[in-house]
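The values are calculated or read from the model by the stated rules, or taken from the named source; none is laboratory data. Quick caveat, the model's predicted, so the values are computed rather than measured. Virtual Cβ from ideal backbone geometry, glycine too; neighbours counted across all protein chains shown.
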Amino acid sequence: MSFPGYTRLSEEQTFSTFTTERVPVGTLGQLEDGRLYRFAENGGVALVVANMIQSEVPLADTLAEAIATLAAGVTVLTGIGGTTADTAANAMKEGYVYSTTAADLNPAYRVKSNTLITAAAATGTITLYSPLVAAIAAASTISYVKNPHRDVVVAVATTPTAQVVGASVNAIALDEFGWLQTRGPCRVLNGGTTTVIGDPVGPGGVAGSVIPIAATELTVPVYGTALVVAASAVMALIYLQID
């Protein structure tokens with residue numbers, strides 16, 4: 001089955017939540033006015049409207065792990081290991097896998113499915129959507145990570161601990177699915193300094209919030225720019241520029 005590069009949405013559809021994965025996590029949606037959204041699964045507490053949302057922090061148990069020697073053209077990676085915790089079957093669906101070995105000539109690949117990957121046992125498999133471009137040599141290692149839109153959580157205040165992936169426009173319950181806005185005018189909590197029109201905004205002092213970023217502070221992620229003036233602890237209108 002194939003999927004379009006993006007799906008057309010109505011504004012009303014972006015307010016819906018689902019108990020099942022209606023489209024692949026990470027799917028890009030667009031409204032007629034150009035606003036963009038990503039389909040996501042909530043992995044934390046119930047999401048609050050107008051909060052910035054981040055990815056789950058990648059687990060060390062899935063980084064630089066064992067893999068079998070594999071020929072170019074295969075779509076099933078075998079001999080996959082984990083460090084100290086198991087990875088459940090299909091936990092990496094729509095995620096990504098890549099070789100951490102510099103000599104390997106493969107790009108990152110999207111994951112179609114995975115079997116149970118047992119800690120301290122190189123017995124798991126990962127199935128790709130596309131065949132390997134190049135062989136994976138003996139003694140190579142791989143890392144496999146979830147789709148950044150799976151098991152998302154409210155962005156940590158001041159310094160998010162993973163990629164910020166959008167803003168919540170609905171209260172998505174734990175383990176349910178919905179749309180996060182990633183581009184265009186969006187209502188977001190101002191968690192610190194008064195916003196100035198046109199200023200870039202980034203992580204605020206309150207979880208899920210935004211504040212203006214001074215030119216000397218651009219070591220933090222930029223979410224977009226302020227469209228209106230807004231005082232601390234009120235809702236601001238931000239032009240998101242994540243996608």
Restricting to segment 112-165, what's the tally of residues that are out of contact with any Leu (no Cβ under 8 Å at 6 or more places or on another chain) and either over 29 Å from T182 (Cα atoms) or polar (S, T, N, Q) (or both)?
-> 23
Evaluation of L36 against (1) outside the structural domain of G205 (by TED's automatic domain parsing); (2) in contact with an Asp or Glu (Cβ under 7 Å, 6 or more places away or on another chain) (one fails), failing number = (1)
Before we move on, is L227 hydrophobic (A, V, I, L, M, F, W, C), within 27 Å of V45 (Cβ to Cβ) and in contact (Cβ under 8 Å) with a residue 24 or more places away in the chain?
-> no
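Test of understanding: among S143, S113, which residue is touching a residue at least 60 places away in the same chain (Cβ under 8 Å) and not β-branched (V, I, T)?
After ruling out the rest, the residue left standing is S143.
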Only strands (runs of 3 or more DSSP E) wholly contained in segment 161-237 count here; list those with 3 or more residues that are farther than 21 Å from H149 by Cα.
-> none
Is it the case that G178 is outside the structural domain of V97 (by TED's automatic domain parsing), surrounded by fewer than 21 Cβ atoms within 10 Å (Cβ to Cβ) and not aliphatic (A, V, I, L, M)?
-> no
Residue satisfying condition, being free of Cβ contacts under 8 Å to residues at least 24 places away in the same chain and surrounded by fewer than 16 Cβ atoms within 10 Å (Cβ to Cβ), within set A88, A102 | A102
